[in-house]
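A.B. asks: Provided herewith is a single structure, encoded as structure tokens, for subsequent inquiry.
Computed from the coordinates by the stated procedures, all read-outs in this text should not be read as laboratory data. This structure is a prediction, so every number in the text was calculated from the model and none was measured. Every residue, glycine as well, gets a Cβ built from its backbone with ideal geometry; the counts of neighbours run over all protein chains shown.
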Amino acid sequence: MGKFQTGNAGKPKGCSNLIGKETKEMFALLVQNNLPKLQKDLDGLTGLNRLKIILEMASYVIPKLKSIDGTIEIEKTERLPIIINFKSDAVQNR
């Protein structure tokens with residue numbers, strides 16, 4: 001079996017996922033068309049259940065933040081009293 005070479009397979013770079021895009025648009029339309037019913041259903045729930053449902057729905061709209069762990073190293077030198085280096089275990093690709 002040959003080695004994979006960049007550019008020989010898959011969809012072109014920057015091409016959107018049409019199925020995902022269409023599905024998201026249809027689901028957004030479904031929710032939008034049913035907002036009064038959804039609100040009525042939410043109003044019928046107890047406070048804790050209503051909060052659980054709202055938080056669950058929010059996870060599809062608001063991106064979740066990724067937590068990172070970091071360490072602080074403090075080193076004393078003669079020229080500067082304190083040098084602080086922030087190091088993180090997480091690597092971010094931008």
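A.B. asks: Modelled label-to-label distance, residue 28 and residue 52, 7 Å Cα→beta-carbon offset: nm?
C.D. replies: Spacing of the two 7 Å Cα→Cβ label points: 3.0 nm.
A.B. asks: Follow-up question, since we're still on this one. Can you put 48, 38 in order, fewest other beta carbons within 10 Å first?
C.D. replies: Going from sparsest to densest Cβ surroundings: 48, 38.
A.B. asks: Further question on the same structure: Quick one: Karplus J couplings for the stretch 57-65, per residue in order, coefficients 6.51, -1.76, 1.60, θ = phi - 60°, nearest Hz, x for Gly and Pro?
C.D. replies: Each residue's phi maps through the Karplus curve to give 5, 4, 5, 8, 10, 9, x, 7, 8 Hz.
A.B. asks: Using θ = phi - 60° and the Karplus curve 6.51 cos²θ - 1.76 cosθ + 1.60, what whole-Hz ³J(HN,Hα) does each residue of the stretch 42-49 get, with Gly and Pro shown as x?
C.D. replies: Values per residue, Gly and Pro as x: 5, 5, x, 8, 6, x, 5, 5 Hz.
A.B. asks: Let me ask you something else. Within the set 24/52; 24/66; 64/87; 21/66; 21/87, which residue pairs have Cα atoms separated by over 30 Å?
C.D. replies: 21/87
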